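Notes to accompany the following structure.
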């Protein structure tokens, strides 16, 4: 499924939500609109992370996924304008506060999720050996596929610590708020399909 994840940061200052990303004006199809340059906002495509932050957005829901909340009623002016022109916004908008993200990152170190698919026999053997040695190298999961790709592909299934799959990305998202002014912070995100 080709899905773009749009995620923006907001900060509350003097009781109002303001954009925390650097928005700029651009020409698009003969009209002016505001946007945040790619690379100037959190734009990682970690779909497991977003399945956790928004239950069911891509068809996956885990027992500890956040239920979607919709569009916050008190959006910053920039984000309100951006959402007003989104024609593919299919009710997949939600928001979370920074304190929730921090708490969630700690929680993810305590739970696992099943990861299943197919791996080439050598890659599967390497991961099995690492697990047997008590030193799992979860980076080897990068070789997992949803269907067999080679003649030596083997089915496999593992219970993987969730922080190994999304912890680094969530940590970078949280770090994006370091040193930011404001008395409260949140992310607002949606899926553009």
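Here is how the numbers come out for the structure above:
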| read-out | value |
| --- | --- |
| Residue match in the range 97-116 (condition: touching a strand residue (DSSP E or B) at 6+ places or on another chain (Cβ under 6 Å), modelled with pLDDT of 95 or more, part of a strand (DSSP E or B) and closer than 30 Å to residue 18 by Cβ) | yes |
| Residue in the range 44-60 that is in a loop (DSSP other than H, G, I, E, B) and closer than 24 Å to residue 16 by Cα present | no |
| Some residue of the range 71-79 being in contact with a helix residue (DSSP H, G or I) (Cβ under 6 Å, 6 or more places away or on another chain), surrounded by 18 or more Cβ atoms within 10 Å (Cβ to Cβ), in contact (Cβ under 8 Å) with a residue 40 or more places away in the chain and in a helix (DSSP H, G or I) | no |
| Subset of the range 141-182 [more than 30 Å from residue 21 (Cα to Cα), within 21 Å of the chain's Cα centre (by Cα) and without any contact (Cβ under 8 Å) to a residue 40 or more places away in the chain] | 141, 142, 143, 144, 145, 146 |
| Residue in the range 166-182 that is part of a helix (DSSP H, G or I), under 16 Å from residue 49 (Cα atoms) and at pLDDT below 90 present | no |
| All positions within the range 1-15 that are touching a residue at least 24 places away in the same chain (Cβ under 8 Å), out of contact with any strand residue (DSSP E or B) (no Cβ under 6 Å at 6 or more places or on another chain) and farther than 27 Å from residue 164 by Cα | 13 |
| Residue count for the range 128-153, restricted to those that are farther than 25 Å from residue 105 by Cβ, in contact with a helix residue (DSSP H, G or I) (Cβ under 9 Å, 6 or more places away or on another chain) and surrounded by 14 or more Cβ atoms within 10 Å (Cβ to Cβ) | 2 |
| Filtered residue count, the range 1-39, keeping only those that are at pLDDT below 80 and part of a loop (DSSP other than H, G, I, E, B) | 5 |
| Any chance residue 57 is modelled with pLDDT under 85, touching a helix residue (DSSP H, G or I) at 6+ places or on another chain (Cβ under 8 Å) and either under 18 Å from residue 186 (Cβ atoms) or surrounded by fewer than 15 Cβ atoms within 10 Å (Cβ to Cβ) (or both) | yes |
| Unmet criterion (only one of (1) crowded, with 19+ Cβ neighbours inside 10 Å; (2) farther than 15 Å from residue 7 by Cα; (3) out of contact with any helix residue (DSSP H, G or I) (no Cβ under 8 Å at 6 or more places or on another chain)) for residue 125 | (1) |
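Matching residues to (1) in the same structural domain as residue 182 (by TED's automatic domain parsing); (2) in contact with a strand residue (DSSP E or B) (Cβ under 6 Å, 6 or more places away or on another chain); (3) within 23 Å of residue 166 (Cβ to Cβ):
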site: 22; (1), (2), (3): yes, no, no
site: 35; (1), (2), (3): yes, yes, no
site: 50; (1), (2), (3): yes, yes, yes
site: 71; (1), (2), (3): yes, no, no
site: 74; (1), (2), (3): yes, yes, no
site: 80; (1), (2), (3): yes, no, no
site: 84; (1), (2), (3): yes, no, no
site: 93; (1), (2), (3): yes, yes, yes
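The values are calculated or read from the model by the stated rules, or taken from the named source; none is laboratory data. This structure is a prediction, so every number in the text was calculated from the model and none was measured. All Cβ positions, even for glycine, are placed from backbone atoms using ideal geometry, and neighbour counts span all protein chains on display.
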